[in-house]
Amino acid sequence: MQYFPFVVVAWILGVGLYGIVTSRHLVHLIMCLIVVQSSTYVLLLGVGYVTGAVAPYFYDIGVHTPAVDPVVQALALTDVVVEAAVTALLLAFAVQAHKRFGTLDPQELVSLKG
Amino acid sequence: MTPSLRRWVFLAAAAGFVAFYLWGLLGLPGFGKYPGPYGFVLNRIAVSQTKATGVVSAVNFDYRGFDTLGEEFILLTAAAGVSIVLRRLRGERERSAVDEAVDRDVPATSSAVRMLALLFTGPVVVVGWWLASHAQTSPSGGFQGGVFLATAFILVYLSGEFLVFKRFSPVDLTDVVEAVGAGGFAAIGVSAVAMGLPYLYNFLPLGTTPGAVSSSGTIVLISFFVGLEVAAAFILIVGELLEQTLLIRRRSG
Amino acid sequence: MIAAVSTPFTVPAGLMDALQITVLVLVAVGATAVVLIRAHVRQVLALSVYGVLLAVLFLVFQAPDVTLSELAVGAVILPIVFLLTLAKIRKREE
């Protein structure tokens, strides 16, 4: 249990990279990119966890209750929202690539010249 | 390089890379054994320093406000990029939003979907607004509130037609709201500088009760602006894609 | 502070461990499913389920703010953006 979340993080990263490299469609590739990004969220939260502690919100509990690290949660929180917008931008590129080249196969798009 | 050869080369490289990555991760202190003092110090002093009981939002908008400003401008740029990239290419024409209802032969949206979407729109707006404006109390903050508000607009589209969605969120108004959100965040920082304090210093009165609506100074204000900006950015993105899918057609020759 | 702490809300350590391990395994399976499914609409559905699983994982890791963001993003915004793109691409191919 001490290192199991990190093993899962490495697994998700590896699986996502495999999907990106062997992808035959740009939209599938972008979804694999989302999987790779999600591995970093799990890693961030896994680093900041304290066994037995509660979430860092002290509205109804005492201020000295041990809580997990709030900084990595702040990072992961803005990350999730911003990566969704960047994914939308990538999909807009995919739509325009389809309009111009007619294909969305990454292995064919490489050899096309503008 | 044939695809299967590429796959084998990748598997060999990935085995080495993941092995090194895992070796690095196993050097961490272990899951649940967070050693660093920064998180514990913040948890101890954040409530009394900022009078905000939601420490994550206090970190986001006060202690690490500058990083959040950068992330918010990434969001703004991505939304602007989507609008620019999806502009009409030469050789396309945009159908007016009225004709497309006539010859569309897609099945009508089922009544269950429409009713559920309609039922949930109101509560989602309330929850999103509450999240965006109460950053200092429980789990809330501008980013969560903003995406919930954008979800409400998507529910409007699901429960009606694209035209209803367009009427609720005209592009000019959404653009202005997004700009106000992003500019407001930057302006709060600049107004701290105008008072002779560091950029994004929490200069508004902090209040006395931790977690009350009027406490925690600029955190509430910044979170509200961020909520506006995130909601407007996602509404713009979804609106652009909807227009591309429904309105823009190849010019048939 | 490198020992486990205890608060009035701490559940027995074994229970929390079991819950976290279960959700982690589900997340790993979900990620594999998203990558291995190649049919487009099915993959979007798998991504949506993966988003909800991630939200549950973040909740179990004591991070409710990240849960809220990931729920709204992964279950609503990402699927609709992907489905609109797929619809646009399919429309051009007819």
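No value in this document is a laboratory result; all are computed from the given coordinates. Values in this document were obtained by computation on a predicted structure and should not be read as measured data. Note that each Cβ is placed from the backbone with ideal geometry, even for glycine, and that neighbours are counted across all protein chains shown.
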To the nearest 0.05, the calculated FRET efficiency linking residue B:18 and residue A:93 through their beta-carbon distance, R0 being 45 Å, is 0.95
Karplus-derived 3J(HN,Hα) from phi for the stretch A:27-37 (6.51 cos²θ - 1.76 cosθ + 1.60, θ = phi - 60°), whole Hz, x at Gly and Pro, runs 5, 5, 5, 5, 5, 5, 5, 4, 4, 4, 5
Phi angles of the stretch B:157-170, converted by Karplus (6.51 cos²θ - 1.76 cosθ + 1.60, θ = phi - 60°) into ³J(HN,Hα) in whole Hz with x for Gly and Pro, give 5, 5, 8, x, 9, 4, 5, 5, 4, 5, 5, 6, 9, x
When B:71, C:93 are arranged by how many other beta-carbons sit within 10 Å of their Cβ, fewest first, they go C:93, B:71
Expressed in angstrom, Rg and Dmax over the Cα atoms of the stretch B:133-181 are 13.0, 38
Taking placed amide H atoms and a strict 5 Å upper bound, the residues 5 or more places from residue A:50 or on another chain that come that close are A:69
Once phi for every residue in the stretch C:32-43 is put through the Karplus expression 6.51 cos²θ - 1.76 cosθ + 1.60 (θ = phi - 60°), the whole-Hz ³J(HN,Hα) values, with Gly and Pro written as x, are 4, 5, 4, 6, 7, 7, 9, 5, 5, 5, 5, 5
Long-range amide H partners of residue B:51, meaning residues 5 or more apart or on another chain whose placed amide H is closer than 5 Å, are none
GNM on chain B, Cα springs under 10 Å; top mean-square fluctuation among B:48, B:110, B:191 goes to B:110
Output field shielding_mean for B:140-149 (other chain Cβ, 10 Å radius) holds 6
So the pair-distance distribution of chain B, from every Cα-Cα distance in 5 Å bins, comes to percents of 1, 6, 10, 12, 12, 11, 10, 10, 10, 9, 6, 3, 1, 0, 0
Least to most buried among A:105, A:79, B:175, A:60, by other C-beta atoms within 10 Å and fewest first, runs A:60, A:105, B:175, A:79
Taking every other residue with Cβ under 15 Å from the Cβ of residue B:183 and scoring Lys and Arg +1, Asp and Glu -1, one gets -4
The exposure ranking of A:98, A:28, A:64, fewest beta-carbon neighbours within 10 Å first, is A:64, A:98, A:28
Sorted largest first, the Cα spans of chain A on the principal axes come out in Å as 62, 29, 16
Mean-square fluctuation maximum in Gaussian network of chain C, Cα pairs under 10 Å, restricted to C:11, C:27, C:41, hits C:11
Out of B:236, B:149, B:28, a Gaussian network model of chain B with alpha-carbon springs under 10 Å gives the largest mean-square fluctuation to B:28
Hull surface over four for the Cα convex hull of the stretch C:13-93, reported in nm², is 5.3 nm²
